[in-house]
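Here is the structure we will look at, set down as structure tokens.
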Amino acid sequence: MHEVAGTTPEGDFIINVGPQHPATHGVLHLVITLEGETIKKIEPHLGYIHRSIEKMCESLTYRQFIYVTSRMDYLSAHINNHACALCVEKGLQVEVPLRAQYIRVMMDELTRIASHELWWGALAMDVGAFTPFFYAFRERETINEIMEETCGARLTMNYMVPGGVMADIHPQFQQKVNFFIALYKKKIEEYNELVTGNIIFQNRMKGVGFLSAENAISYGCSGPVARASGVACDVRKRYPYDVYEQVQFEEVIETGGDSFARYLVRIREMEQSVHIIEQLIDNIPEGDFQAKTKAVLKLPKGEFYQRVETARGELGVYIVSEGGTTPYRIKFRSPGFSNLSALNEMAKGGKIGDLVATMGTLDLVIPDIDR
Amino acid sequence: MTNEELKIALFNINASLTFEEGGEWLNVLVPVNEFKPLAKTLFSEPEFICNYLFCLTCVDWKTHLTMVYHLTSLQWQHNLVIKVVLNRDNPAIETVSDIWKTAEFLEREVYELFGVNFIHHPDLRRLILTDDFNGWPLRKDFEDPVNMIKL
């Protein structure tokens, strides 16, 4: 049911935002009920990019289905692949070589920085500052080059496979990552100077789109959205996977619950990601990059669940296996879906002009919600 | 609580529950008419406080449907899986969207993909598909000769 824009009998105004709208960052369609300029209700309509990945995966083997998941949250392609690889490994009880674990975690963190960079540039552009977008893409390009060299792709990497990673790192990988870290540490100050400390930006963000800790839990929010409301939910800390147990990092938590708190969480998370990479990059152990697995993978009968922390929050992969070469049923618990469901709660009572700031800090990736 | 402690605590409140073990987490099978009271208990009792519903889905077993609820307690750090077997011809279950608000969207998704009717759901409409769509796409016997590519 697609409501037509117009006036309701109560005198409320109904408008449609999207599916083609620059601020929704993809094909998201919101039907908004307004009373004057105040938002009364937001109703998301989904499905414009639904590919039914879950159904598709039912006819793909355990080696094949991982590639489809790069297309869900395309900004966290590595981390999606990582979740699937871990879930299959859990079923097969494969021990992943330490070298592969190091590479995987570093790739995850590089992805997280690249994703947050894009969010940062896009958010600033949403609220009217054009320049930060170019700054963000300049640094993001350095990460993309690193990815391109090692994985052969810039967006949908498909680098992680059950048992490890597909190929060894490029000989120049360590040098390039070290270069990036040194560069990035200088640039983050530029970011803070340009946007974080900007009084116009702060005024647009502070007190906008408030989400209480109680609601964040009830709506199943995760990632920076929940952590900005004071909910400690970092999967890397709570249920560590691969070498996350051995690295030192701080779980970034803010208690403001507004858009500015969500902004600060992501900015500080990027610094933590750099800190994690720093600890690993010079200590990559020698050895295999992939464990020996059979050509055809068969998971034992049963159910397997694996969760990881993507740039947007908790991604869960739930595999129901009947003992065959393809999953009987697969479910992806995507972070964006739950975060989007809290949008009505966050934007209700606010002004329509603030909606863009609220949505920007939710960091929605629509293919991840639609799957 | 560990899986074993959870099992004992759950057995004490309802002796008709059956358990599936061997997996990572404790799986609790509950009859459909006792599901809602159990969900309320798990949410509110101080020994459980399962306040975070992180996954809600359904599995089509060809003879029946199984609703699967993954719960976690952010306070006590335990995980729990609740399963409810539903009749395939006319599946219906009480909504949990009044307990966990995230369920409102997740149930709408399950409704349109599996055709499960959530009783007392505030707004049970299709979320992804068009309103005139026929059939339940994620069921195993769903056939769409036009849009589906067989591999």
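All of the numbers you see were taken from the coordinates with simple rules; none came from a lab. Since the structure is predicted, the reported quantities are computational estimates derived from the model, not experimental observations. Cβ placement follows ideal geometry from the backbone for every residue including glycine, while neighbour counts extend to all protein chains displayed.
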- Item | Cross-link reach list, lysines versus A:K351, counting only Cα pairs under 21 Å and skipping chain neighbours closer than eight places | A:K40, A:K41, A:K206
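Which entries of A:K90/A:K292; B:K83/B:K140; A:K55/A:K348; A:K298/B:K62; A:K301/B:K140 show an alpha-carbon separation above 24 angstrom in the structure shown? Provide the component values of the computation, followed by the final result.
Details: A:K90/A:K292 15 Å; B:K83/B:K140 19 Å; A:K55/A:K348 35 Å; A:K298/B:K62 22 Å; A:K301/B:K140 18 Å.
Long pairs (Cα-Cα over 24 Å): A:K55/A:K348.
Looking at segment A:86-177, which chymotrypsin sites (Phe, Trp or Tyr not before Pro) are DSSP coil and have at most 15 other C-beta atoms within 10 Å of their C-beta? Don't skip to the answer; put the middle values down first.
On the way: sites: A:Y102, A:W119, A:W120, A:F130, A:F133, A:F134, A:Y135, A:F137, A:Y159, A:F173; in loops: A:F130, A:Y159.
The qualifying sites are A:F130.
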- Note on the structure: Relative to chain A, whose Cα atoms define the longest principal axis, helix A:98-126 and its Cα axis are tilted in degrees, nearest 10, by 20 degrees
- Item | GNM flexibility winner over chain A from A:N80, A:N192, A:N215 (Cα, springs under 10 Å) | A:N192
- Item | Proximal aspartates and glutamates to A:K331, defined as alpha-carbon separation beneath 13 angstrom and excluding residues fewer than eight positions away on the same chain | A:E54, A:E58, A:E303, A:D368, A:D370, B:D60, B:E109
- Enter the angle in degrees (range 0 to 90, nearest 10) between the Cα long axis of helix A:131-151 and the first principal axis of the Cα atoms of chain A, meaning the one along which they spread out most. 20 degrees
- If you line up the long axis of helix B:103-114 against the longest principal axis of chain B, both from Cα atoms, how many degrees apart are they, to the nearest 10? 40 degrees
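At a Förster distance of 30 Å, what's the computed FRET efficiency of A:K185 paired with A:A153, Cβ-Cβ distance as r, to 0.05? Before the final figure, lay out each step's value.
Details: r = 27 Å, r/R0 = 0.90.
Given R0 = 30 Å and the Cβ-Cβ separation, E is 0.65.
I need the chymotrypsin sites (Phe, Trp or Tyr not before Pro) found in segment B:14-86, filtered to DSSP loop residues with at most 16 other beta carbons within 10 Å of theirs. Spell out each step's value before the answer.
Details: sites: B:F19, B:W25, B:F35, B:F43, B:F48, B:Y52, B:F54, B:W61, B:Y69, B:W76; in loops: B:W25, B:F48, B:W61, B:W76.
Counting only loop positions with at most 16 other Cβ atoms within 10 Å, the chymotrypsin sites (Phe, Trp or Tyr not before Pro) in segment B:14-86 are B:W61, B:W76.
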- Message: I need A:I281, B:I8 ordered by Cβ neighbour count within 10 Å, fewest first.
- Response: B:I8, A:I281
- Query: Which one of A:G302, A:I103, A:A232 has its Cα pushed farthest toward the positive end of the charge dipole of chain A, where Lys and Arg give +1 and Asp and Glu give -1 at the Cβ?
  - Reply: A:G302
- Task: Run down the aspartates and glutamates and flag those whose C-alpha is under 16 Å from the C-alpha of A:K294, throwing out any fewer than 8 positions away in its chain.
- Result: A:E89, A:E95
- Message: If you average the alpha carbon positions of segment A:243-289 and of segment A:197-221, how far apart do those two centres end up, in angstrom?
- Response: 21 Å
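Normalised by the residues of segment B:52-126, what does the relative contact order come to in percent, with Cα pairs under 8 Å and at least six apart? Show your work: numbers first, answer last.
Details: 128 pairs, mean separation 19.2, N = 75.
Value for segment B:52-126: 26 percent.
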- Task: With N denoting the number of residues in chain A, provide Rg(C-alpha) divided by 2.2 N^0.38 Å, to two decimal places.
- Result: 1.00
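What list do you get for A:L92, B:L74, B:L10 if you sort them by fewest beta carbons within 10 Å? Provide the component values of the computation, followed by the final result.
Details: A:L92 19, B:L74 16, B:L10 22.
Placing the least packed residue first, the sequence is B:L74, A:L92, B:L10.
Mean projection of the alpha-carbon convex hull of segment A:87-192 over all orientations, in nm²?
Taking the Cα atoms of segment A:87-192, their convex hull projects to 7.6 nm² on average.
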- What is the dipole size for the protein assembly as shown, taken about its Cα centre, with +1 at each Lys and Arg Cβ and -1 at each Asp and Glu Cβ, in debye to the nearest 20? 700 debye
